[in-house]
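Everything below concerns the one structure shown next.
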Amino acid sequence: MFDNLSGRLDSVAQRMRGQGRITEDNIQETVREVRMALLEADVALPVVRSFTDEVKKRALGAEVAKSLTPGQAFIKIVQDELVRVMGGEAAEPLNLSVQPPATILVAGLQGSGKTTSIGKLARYLREREKKKVLVVSCDVYRPAAIEQLETLASQVGVEAYPVSSGDDPQRMARKAIDHARRHYFDVVLVDTAGRTTVDDAMMDEVKRLHRAVDPAETLFVVDAMTGQDAAKTAQAFGEALPLTGVVLTKADGDARGGAALSVRQITGAPIKFMGLGEKTDALEPFHPDRIASRILG
Ligand code: GDP
C-alpha cells in the first residue's frame, strides 16, 4: 500500500537537502507531491485537502532538529500526521466489557467480506481471547449467505445459531442473543444483509437491527480495493449507524491504501482489524503506526 508516497517523498526530500529550513517556498513542491500521491492512492479529495493543509501548517511551524535535513523533518511530519489521522500508535481493541453476551453487529456492502470477516473474528476471539462465540446470520434473503456462515463457524469451531431463509432478521438476532445468554456465551457476532450498493431498504433494516440488538460493537466492513467508493460507502454507513470500528478487508490486494485514510477520517471510527486474505487466520489488528511506516517505506 502507498508505495507511491514513499517514492515521491524520497525524491523531493532529496531535493530539499542542503536547504536549512522548511519555508513556504521550498514546501510548495513537497506538499504538491503529497497531494498527488494521496490522490493516486485513491484517498477521497476532502480527506486529501485536510491532510495536506494540516501537514503544511505543522511543517511551517516546525523546528528542524539539527540531526535532520529539512527533507527528513518533512517526511517525519507526514508520517506523524498519517499515524494521527489513522488513530494513533496502538491498535484499538474490541470493547467487549459489557454484561455478556457482548454483541457485535457487522454491516457493510455485499461482497465487502462481511461474512468472511465474521469467521475470522470468531476464530480470533475463540483462539486468542478464549471467548465462547456464537454467530448468527441475519442475511435471511440469501440462503447461500446463511450456509456460508454455518460452514465458516464449523471450520473455526464456534456455534452458529440456526436460521432459515425467510426468517425475520430482528427476531432471529434477539433469539440468538437470548440463546447466548442462557448458554453462557461471551460474544454474539451478528451478520447482516448487504446489497451491492447503498440503498434505503438495506440501511433501514440494519438500523432496525441495531436498535433491536443494542450492540457493544458496531463494525463496518469495507473493501480496501474499492478506493473512492469506499469513502462514499463509509459516509452512508457512518450516517446510518453509530459505528464503533471498521474492518478493512482485502488489504492483501494491490489496493493503494487510500481507503484506510478516507474511511477513518470520514467515519471517525477506528480501523480495528484488517483482512489479509481469504483464509480464517488472515486477520490482524490494525496498527496505524505500522501502516504509516509501510506507507513511507
Ligand atoms: P460478504 O458478501 O460481505 O459477506 O462477503 P464475503 O465474506 O462473502 O466475501 C466476498 C469475497 O471476498 C470472498 O470471495 C472472500 O473470500 C473474499 N475476501 C474477504 N475478505 C478478504 C480479504 O481480506 N482478502 C482477500 N483477498 N479476499 C477476501
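The values are calculated or read from the model by the stated rules, or taken from the named source; none is laboratory data. Because the structure is a prediction, the values reported are computed rather than measured. Cβ coordinates were reconstructed from backbone atoms using ideal geometry, including for glycine residues, and neighbour counts include every protein chain displayed. These accessible areas exclude ligands, DNA and RNA; they are computed on the full protein's heavy atoms, side chains included. Shrake-Rupley method; radii C 1.70, N 1.55, O 1.52, S 1.80 Å.
Table for the structure above
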{"item": "Enumeration of residues in the range 49-85 that are more than 30 Å from PRO285 (Cα to Cα), without any contact (Cβ under 8 Å) to a residue 24 or more places away in the chain and in a helix (DSSP H, G or I)", "result": "LYS57, GLY61"}
{"item": "Filter result (under 21 Å from LEU125 (Cβ atoms), within 12 Å of the ligand (Cβ to nearest atom) and not in a loop (DSSP other than H, G, I, E, B)) within the range 232-290", "result": "VAL247, LEU248, THR249, PHE273, MET274, GLY275, LEU283, GLU284"}
{"item": "Residue pairs meeting the criteria (Cβ under 7 Å; at least 6 apart or on separate chains; first within 30 Å of ASP199 (Cα to Cα) and open to solvent by 10 Å² or more (accessible area, probe 1.4 Å), in the range 86-112; second of a type in the set (D, E, K, R) and part of a loop (DSSP other than H, G, I, E, B))", "result": "LEU109/ARG195; GLN110/ARG195"}
{"item": "TYR184, sole failed condition from (1) in a loop (DSSP other than H, G, I, E, B); (2) out of contact with any Phe, Trp or Tyr (no Cβ under 8 Å at 6 or more places or on another chain); (3) within 16 Å of the ligand (Cβ to nearest atom); (4) open to solvent by 20 Å² or more (accessible area, probe 1.4 Å)", "result": "(3)"}
{"item": "Hits in the range 187-224 - residues which are in a loop (DSSP other than H, G, I, E, B) and within 16 Å of the ligand (Cβ to nearest atom)", "result": "THR192, ALA193, GLY194, ARG195, THR196, THR197, VAL198, ASP199"}
{"item": "Odd one out for MET172 among (1) open to solvent by 20 Å² or more (accessible area, probe 1.4 Å); (2) more than 24 Å from ILE271 (Cβ to Cβ); (3) without any contact (Cβ under 8 Å) to a residue 40 or more places away in the chain", "result": "(1)"}
{"item": "Only listed residue being farther than 30 Å from ASP252 by Cα and at pLDDT 85 or above, chosen from ALA65, ALA44, ALA59", "result": "ALA59"}
{"item": "ASP139 vs. criteria over 30 Å from ASP25 (Cα atoms), touching a helix residue (DSSP H, G or I) at 6+ places or on another chain (Cβ under 9 Å) and not β-branched (Val, Ile, Thr)", "result": "yes"}
{"item": "Residues located in the range 128-159, provided they are assigned to a loop (DSSP other than H, G, I, E, B), open to solvent by 70 Å² or more (accessible area, probe 1.4 Å) and either among the charged types (D, E, K, R) or touching a residue at least 60 places away in the same chain (Cβ under 8 Å) (or both)", "result": "ARG128, GLU129, LYS130, LYS132, ARG142"}
{"item": "Counted residues, the range 86-139 - those being within 13 Å of the ligand (Cβ to nearest atom) and under 19 Å from ALA224 (Cα atoms)", "result": "16"}
{"item": "Subset tally (residues that are under 18 Å from the mean Cα position of the chain (by Cα) and of a type in the set (Asp, Glu)) for the range 82-128", "result": "2"}
{"item": "Qualifying residue in the range 59-79 (condition: surrounded by 19 or more Cβ atoms within 10 Å (Cβ to Cβ), charged (D, E, K, R) and either under 30 Å from GLU278 (Cα atoms) or more than 16 Å from the ligand (Cβ to nearest atom) (or both))", "result": "no"}
